[in-house]
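Some notes on the structure that comes next.
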Amino acid sequence: MRKKIVAANWKMNLTLNQGAELVNDLFNGMPVLNDDKLVILAPPFTHLTQTAEQLAGMIDVHLAAQNCHHEAAGAYTGEISAAMLKSAEVEYVIIGHSERRLYFKEDDATLAKKVNQALTNELKVIFCCGEPLEIRDANTQNSFVESQIKAGLFHLSTEQLEEIVLAYEPIWAIGTGRTASSAQAQDMHEHIRSVIAKQYGQEAADNMSILYGGSCKASNAAELFACPDVDGGLIGGASLKAEEFLGIIEALS
Ligand code: PGA
């Protein structure tokens, strides 16, 4: 069944103490969620164990990492493997975030390998896609996003695809305060679902959660989440303040 999801991407923010305080504040304000709704927190690697301990007993809130390496193990100084994440009680991993693609030069082939590493280690994947401003201005965003999804995911079986959550994040809306309109988000999410349906069938497409990301906040979340093909959000800046993030969680209902 398709789930409604609000996922927090803390990026490279918050010390251990600040992270612990934020999770504590979320814990105190967390509404009771139905079976079809869940919250995911993606803190930095250093916070994972602490956050896992804090989340024990919060059945609606799941732990994610922001990245993993594309090889299983070995001489990759400074990197973290999918197996390490699994052993730290991580359930999800974000792969293909535009900041990883841009600043760390992660290409489609590398991202497909990361997806494989994650699935091999029984992690679920939040796979990100989204176009830069010049592609949006040229009105070629549909084919751009389609090719990202094909390159990253279309080697998977239908069964493997069940472990994937998609996140559409137009780059021009990330951290800029400029949100995609709900019509722009719905158009793209509908397109993405049709791309999945063509390859994997309508049932697989209907079961897939497709999140919107990019300057989503408590004040615009309800309108975005009301779109029929928008199944929640991947939240950056607004996930760093408990009150704001709780407001976004409330917008799921
Ligand atoms: P933002 O980031 O909410 O700060 O725009 C979203 C993301 O990059 O995941």
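The values are calculated or read from the model by the stated rules, or taken from the named source; none is laboratory data. Only a predicted model underlies this, so the values are computations on that prediction, with no experimental measurement involved. Glycine also receives a Cβ, built like all others from the backbone with ideal geometry; neighbour counts cover every protein chain displayed.
Descriptive notes on the structure:
- Residue list for region 74-122, filter: touching a Gly at 6+ places or on another chain (Cβ under 9 Å), away from the ligand (no atom under 16 Å from the Cβ) and over 26 Å from LEU55 (Cβ atoms): ASP108, ALA112
- Test: residue in region 45-55 that is at pLDDT 95 or above, among the acidic types (Asp, Glu) and farther than 18 Å from ALA238 by Cα: yes
- In the condition set (1) out of contact with any helix residue (DSSP H, G or I) (no Cβ under 9 Å at 6 or more places or on another chain); (2) more than 24 Å from GLN199 (Cβ to Cβ); (3) among the aliphatic types (A, V, I, L, M), ILE126 is compliant with all but (2).
- Within region 226-244, considering residues that are among the aliphatic types (A, V, I, L, M) and within 20 Å of ILE94 (Cα to Cα), the one farthest from the ligand (Cβ to nearest atom): VAL230
- Residue count for region 65-88 under the criterion of being touching a residue at least 40 places away in the same chain (Cβ under 8 Å) and more than 15 Å from VAL125 (Cβ to Cβ): the result is 3.
- Matching entry among THR110, THR140 (being surrounded by fewer than 21 Cβ atoms within 10 Å (Cβ to Cβ), over 15 Å from ILE196 (Cβ atoms) and touching a residue at least 24 places away in the same chain (Cβ under 8 Å)): THR110
- Some residue of region 186-194 being within 30 Å of GLU243 (Cβ to Cβ), modelled with pLDDT of 95 or more and surrounded by fewer than 20 Cβ atoms within 10 Å (Cβ to Cβ): yes
- GLY130 at positive phi and crowded, with 20+ Cβ neighbours inside 10 Å: yes
- Qualifying residues in region 171-225 (those that are among the charged types (D, E, K, R) and within 11 Å of the ligand (Cβ to nearest atom)) - the one nearest to the chain's Cα centre (by Cα): LYS217
- Residues within region 47-71 that are among the acidic types (Asp, Glu) and in a loop (DSSP other than H, G, I, E, B), tallied: 2
- Only a single criterion out of (1) within 16 Å of the ligand (Cβ to nearest atom); (2) not in a helix (DSSP H, G or I) is not satisfied by SER253, namely (1).
- Some residue of region 46-61 being within 16 Å of the ligand (Cβ to nearest atom), under 17 Å from the mean Cα position of the chain (by Cα) and either surrounded by 13 or more Cβ atoms within 10 Å (Cβ to Cβ) or more than 21 Å from HIS155 (Cα to Cα) (or both): no
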